Each structure stands twice: as structure tokens, then as C-alpha cells.
Amino acid sequence: GRKLKVLAISSALPGEGKSYLVYNLGLAFAATGLKVLVIDADLRRSRQHSLFRVAREDGLADVLAGLKPFDEAITPHPVEPNLFLMPAGRQSPLASELLGSGEIERVLTAARERFDIVLVDNAPVLPVADAIIVGTLCDGVIGVLRAGQTSRKALRRFVQSLARNRVHILGMVIEAVDMSATEYRSVYGYNV
């Protein structure tokens, strides 16, 4: 019943397509006239700067470390005027410490006040604690799994880890579905 404004997008493991989903969701929301901020909180393996075609520096890690103010770490999209990015910033071996410092809560609060919707490209849940730290501060998490790649065991551990930490799971997106598969056609009656 509450309004969802700050959404984290995460996966069980790396390589499941979450960064592309975040980027495309950002474009879709911005096209409707909403002012959208994408925050790349995957400080170890960031991708948003390459999708936006901007520099990685001067981003979230710099804000968390107190090296940059919030407003100076935001970059507009080169084409879509309603879409903005806070890239991951300088790479640091202290990603968990930066995210666990308490500053991320201030960043998300500022983003909530200035933007209509905030999409957080979060780290994968199973390899590092970063995703749980950030996920607990968001209105909910959208999980991403890749058809034919994400195992049931990994999916189960992903859901259990989020639930154990009281992170609200909004739903799941399945990437790379084979639309010509017999299972898909027989369930939905489509002939591709």
C-alpha cells in the first residue's frame, strides 16, 4: 500500500543481466516524464557508466568517502533529459565498508527527495554483503535471474538471504528466455 520510490535491482550471482534491466527501466520511466536517477551501487563490478557512456569516476564511492558532494556526482544521460546517473565512482577494495558506513542512507534520502524514482543497480546477493546493506534501505528489491543459467539452489539462497534480512522482494525478472521453447508456447499459446 505504500508508494515505491527507491528500488534496488539485484541478482543471485554476477552475469544475470541486472545492469541492463536497470538501464532499460530507467529509460522507460524517464520516457513517461518521471525524473529518474540510476545509482550504480555495484562498487566492485560497475556497468552503468559504460551503458550511459560516461566516466566511472566522481560517483557513489566518492560521495560515500566524503570526497564529492551528492549533486556533483550526478551525470545526465546524453539523450534522455529525465534520466540521470550516479556512477559507482573510483574503485575501492573497501566497498563493503563504504556501503556500511551509514552514508549510503543519506545518499538514498537525498535521492528520494530530488527524484521521482531511484533505481539502484545493486551488487549480486550471494557473493558479497553489499546488496543486503543497500537492499534494507530501499523500498524493495527486484530480483533478476537468467534462464538456463541461474540454478534453483542459487535462487533459493537468494530469496532466503533477502527474507532473512527483512528485505522486501517485489518480484523477479527472468532474462534471456527462449521464446521459441516448447514450454513457453504451450503455456501461453503463442506461435513464434
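The values are calculated or read from the model by the stated rules, or taken from the named source; none is laboratory data. This one's a predicted model, so the numbers in the text were calculated from it and none came from an experiment. Note: areas computed on protein heavy atoms with side chains; ligands, DNA, RNA excluded. Shrake-Rupley method; radii C 1.70, N 1.55, O 1.52, S 1.80 Å.
Things to note:
- Helix-only CD estimate at 222 nm, as mean residue ellipticity for the chain, using -39500 (n - 2.57) per DSSP H run (n ≥ 4): -9500 deg cm²/dmol
- P(r) tail fraction, the range 58-116 - alpha-carbon pairs more than 15 Å apart, %: 49
- C-alpha long axis of helix 152-164 to longest principal axis of the chain, angle in °: 40
- Heavy-atom accessible surface of the chain: percent carbon and sulfur, 1.4 Å: 52
- For the range 1-58, Kirkwood radius (reciprocal of mean inverse C-alpha pair distance, Å): 12.7
- D (Stokes-Einstein, µm²/s), Kirkwood Cα radius, the chain, 1.306 mPa s at 10 °C: 93
- The range 1-112: Rg to Rh, with Rh as the Kirkwood radius over Cα pairs: 0.94
- When the surface is traced with a 1.4 Å probe over the full set of protein chains, F29 keeps roughly 60 Å² accessible.
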